[in-house]
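Quick notes on the structure that follows.
No value in this document is a laboratory result; all are computed from the given coordinates. The model shown is predicted, which means the values in this text are computed figures rather than measured ones. Cβ: placed from backbone, ideal geometry, glycine included. Neighbour counts: every protein chain shown.
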Amino acid sequence: MHSLSHILHTILDVVFPRSPEARTLQKMSPDAFVSSVRSAENLHDITAYFAYRDTFMREAIWQIKYRRNKKVARMLAIVLSDYLLEDLQHKQQFEYFVDPILIPIPLSKKRKRARGYNQVELITNNLDNNFLTVDSNILTRIKHTPSQARTISRETRLENIKGCFRVTKPEKIRGKNIIVLDDVVTTGSTLREAQKVLLEAGARNVWLVGIAH
């Protein structure tokens, strides 16, 4: 029996046929994707890899977030694994950032129930776990917040996100190096709030990463 989510996505494909960009993404190799998308301009304390304004990057995020496109998620995970491994080798050498635990930024229960899944977890479930541990059960979102759209002021963003995370298993992160991953970074307020909570719970170091900015 098909799940409700699968049926809804099938209906979407009929009512809103996939764009030329989406069809190209379906056939795209990880190397082709990297060569087709510009690099992001990093925020000073957050690593971001790709420019969200690029057509293929926006389409990839949309396909994963709203169409639960597992093929695109796997492709993006391969790309992300390569970038993370390269950066981790540098951080291990100069910052002793070893044995990291990667935490995908959690959704609120309300949003996850409505969507049926966490789009960041779709990507992290496909990461190469030979060089890091992925754990989605350490950090939880205890407050539902409205969408952090670009039209919202910085002050409103900070107020919305304040106090929205809780560490459910602090014993797992004490003295550990943590990577927190989000799909799209705008101001970075969500990632920074997660970092604050994790450090307060005893994490050694918290590296903030966004796939796109």
- line: Mean separation of Cα contacts under 8 Å (at least 6 apart) over the residue count of the chain, i.e. the relative contact order in percent, is 22 percent
Max mean-square fluctuation residue, GNM over the chain, Cα-Cα springs under 10 Å, options GLN63, GLN89, GLN195: GLN89
- request: Could you pull the Cα extents of the chain along its three principal axes, largest to smallest, in whole Å?
  value: 49, 39, 36
message: Filter LYS110/LYS162; LYS109/LYS169; LYS65/LYS110; LYS169/LYS196; LYS65/LYS169; LYS143/LYS176 down to the pairs with a C-alpha to C-alpha distance above 20 Å, please.
response: LYS65/LYS169; LYS143/LYS176
- prompt: To the nearest 20 debye, what charge dipole does the stretch 4-212 have about its Cα centre, counting +1 at the Cβ of each Lys and Arg and -1 at the Cβ of each Asp and Glu?
  reply: 1060 debye
field: the stretch 151-213 - charge dipole about Cα centre, Lys and Arg +1 at Cβ, Asp and Glu -1, debye rounded to 20
entry: 280 debye
- request: Identify, among THR145, ASN118, ALA194, the residue whose Cα sits farthest towards the positive end of the charge dipole of the chain, taking +1 on the Cβ of Lys and Arg and -1 on the Cβ of Asp and Glu, with the dipole about the Cα centre.
  value: THR145
field: Lys, Arg +1 and Asp, Glu -1 on Cβ, resulting dipole of the stretch 62-172 about Cα centre, debye, nearest 20
entry: 1100 debye
